[in-house]
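Single-structure report; data block below.
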Amino acid sequence: VSVITAAGATTNKAIVTFQAIVTTGKRASGVVKLAQTFLKLLFTTPGRDIFNPTLGGGLLRVLGTADNPAALKATGKLAVSAVQSQMIRIQAGDSRLDRNERLRSASLLESRFDPKTGTLSIRIRLTAVDGSTIDTGSIV
């Protein structure tokens, strides 16, 4: 699972596209489902869900804000941490999830800002409750 921008620029407009390789007609399961859920929450803007207004990492808010690289990196780190806590809390109440679909931890492996394109690249390692891992990431 990867998330890429179609255009990286220092403007206030950018496009985020989601891209996943799956077999037609099959649902994601295991650590792939875990990664998809994590990335969805990472990009969810808090306040968008009326039933859970604090839900989401809000990473979409950094689009087009390339004026402070240190703040962008800090926002990415805080978003990953927030989503980790939220996801663990939400999953605790869902008995239908397999152990390899439940988040144990999320570690920010890399956070890099490219001043030429104005993009923030992050790499995250997700560890499921059963110990299996998947690396995923985003370029915003």
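A few remarks follow.
- Across region 88-95, not a single residue is classified as open to solvent by less than 40 Å² (accessible area, probe 1.4 Å) and under 15 Å from the mean Cα position of the chain (by Cα).
- Criterion violated by Thr17 - all others in (1) within 18 Å of the chain's Cα centre (by Cα); (2) in a loop (DSSP other than H, G, I, E, B); (3) at pLDDT below 85; (4) of a type in the set (Ser, Thr, Tyr) satisfied: (2)
- Count of region 103-140 residues which are assigned to a loop (DSSP other than H, G, I, E, B), small (Gly, Ala, Ser) and over 15 Å from Ala70 (Cα atoms): 2
- Looking only at region 54-86, residues that are modelled with pLDDT under 85, open to solvent by 20 Å² or more (accessible area, probe 1.4 Å) and either part of a loop (DSSP other than H, G, I, E, B) or small (Gly, Ala, Ser) (or both) come to 9 in all.
- Residue that is nearest to Ile122 (Cα to Cα) [pool: residues in region 25-51 that are assigned to a loop (DSSP other than H, G, I, E, B) and β-branched (Val, Ile, Thr)]: Thr44
- Arg89 fulfils the conditions (1) part of a strand (DSSP E or B); (2) over 17 Å from Gln36 (Cβ atoms) except for a single criterion, (1).
- Applying the criterion of being among the polar types (S, T, N, Q) and farther than 24 Å from Arg61 by Cβ to the residues of region 106-134, the residue that is surrounded by the fewest Cβ atoms within 10 Å (Cβ to Cβ) is Thr133.
The values are calculated or read from the model by the stated rules, or taken from the named source; none is laboratory data. Worth saying up front: this structure is predicted, and the values here are computed from it rather than measured. In this analysis, Cβ positions are derived from the backbone assuming ideal geometry, glycine residues included, and neighbour counts consider all displayed protein chains. Each accessible area value is taken on the protein alone, full model and side chains, heavy atoms only, with ligands, DNA and RNA left out. Shrake-Rupley method; radii C 1.70, N 1.55, O 1.52, S 1.80 Å.
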